[in-house]
Amino acid sequence: MRQGRSEQFLTYRVDADGRTRAPDDLIVEEPMSIQLDGVEVSTTMRTPGHDFELAAGFLYAEGLLGGAPVQTVRYCATGSAVSTEYNVVTVETGGKAPVPTPRLQVTNSSCGLCGSQTLEELTNRLQRLNVEPFPLAHLLAAPDKVREMQELFESTGSVHAAAEILPDGDIGVVREDIGRHNAVDKVIGRLLLDGQLPASDRALYVSGRASFEMVQKAWAGGFSAVVAVSAPSALAVDTARAANLMLAGFARGDTMNIYSPLELS
């Protein structure tokens, strides 16, 4: 797969001692078109890398696979990967997935669903989770553990991370991207391709806020909990409670807020 997820630029650094020229690593952001059985579904702005996971995870989390297993994932089914600059990914189910309805707009690196899907539609599509409460100590420990594994953030300071928290508190799959929802899709896609979904005994960590998109993707992936370093939105809390999904925010140091469920056993 394509690498080169950051580029170096010459900048002027200004500090108390004046101005000096210095190199700076900046994160790459490029469009990627996602196709399902040859039909273009969406174009998202993403950081190149783990593109197959992103495409598969996006389609799974959005319910577009319709339960059909992924047969193959590849760059551009109608030409070479080089000719499309590795920016077209096709997921194939052999025609077993429902024919998708394409999105009309480009999804930017922060917008996720952009309000196109309501909580009512989610509850009609997804079953309420039957999961055990995730250990609070593991949720609290996750931000510091994942931070040590964020190589792109270390070099650029401008990417989000999502990670799989294992039942024993260790960190499994970690993915970084300029888009929060892309990072989550990459984690879900990796688990999907490895046959590890639903992730009912694991939790999902997100490095930013816990938006509605993050919670609905965790619900689709079958995670038992979501923990974020920042606040959730009101719709994210409503969605977590509807899903029976544990939702924690402001996880910093040895404190965090639990927003769902309403009562802890």
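Every read-out reported here was derived from the displayed coordinates using simple, explicitly stated rules and does not represent laboratory data. The structure presented is a predicted model; accordingly, all values stated were derived computationally and were not measured. Cβ placement follows ideal geometry from the backbone for every residue including glycine, while neighbour counts extend to all protein chains displayed.
Per-structure values
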| quantity | calculated |
| --- | --- |
| Net charge of neighbours whose Cβ lies under 12 Å from the Cβ of residue 243, counting Lys and Arg as +1 and Asp and Glu as -1 | +3 |
| Given charges at beta-carbon only (K, R positive; D, E negative), |dipole| of the stretch 136-260 in Debye | 340 |
| Residue-averaged 222 nm ellipticity for the chain, from DSSP H runs of 4+ at -39500 (n - 2.57), nearest 500 | -8000 deg cm²/dmol |
| Hz values of 3J(HN,Hα) by residue in the stretch 226-242 - Karplus curve (6.51, -1.76, 1.60), Gly and Pro given as x | 10, 10, 10, 7, 10, 7, x, 8, 4, 5, 4, 5, 4, 5, 4, 5, 5 |
| For the chain, size of Cβ-based charge dipole, Lys and Arg +1, Asp and Glu -1, in debye | 320 |
| Where GluC sites (Glu not before Pro) in DSSP loops with at most 11 other Cβ within 10 Å are excluded, longest remaining stretch of the chain | 1-147 |
| Neighbour net charge for residue 144 - beta-carbon separation under 12 angstrom, K R +1, D E -1 | +1 |
| Dimensionless Rg ratio for the chain, taking C-alpha atoms and the 2.2 N^0.38 Å reference | 1.02 |
| ³J(HN,Hα), Karplus 6.51/-1.76/1.60, whole Hz, each residue of the stretch 153-168, x for Gly, Pro | 5, 4, 8, 10, x, 9, 10, 9, 10, 9, 8, 8, 9, 6, x, 8 |
| Using θ = phi - 60° and Karplus 6.51 cos²θ - 1.76 cosθ + 1.60, couplings along the stretch 43-53 (whole Hz; Gly, Pro as x) | 10, 10, 7, 9, 7, x, x, 6, 5, 5, 5 |
| Mean separation of Cα contacts under 8 Å (6+ apart) over length of the stretch 136-260, as relative contact order % | 22 |
| Whole-number percent relative contact order across the chain, with pairs defined as alpha carbons under 8 Å at least 6 apart | 17 |
| The stretch 145-265: antiparallel DSSP beta bridges as a percent of all, rounded to 5 | 60 |
| For residue 260, distant residues with modelled amide H under 5 Å away | 247 |
| Ratio of the Cα radius of gyration of the stretch 136-260 to 2.2 N^0.38 Å, where N counts its residues | 0.93 |
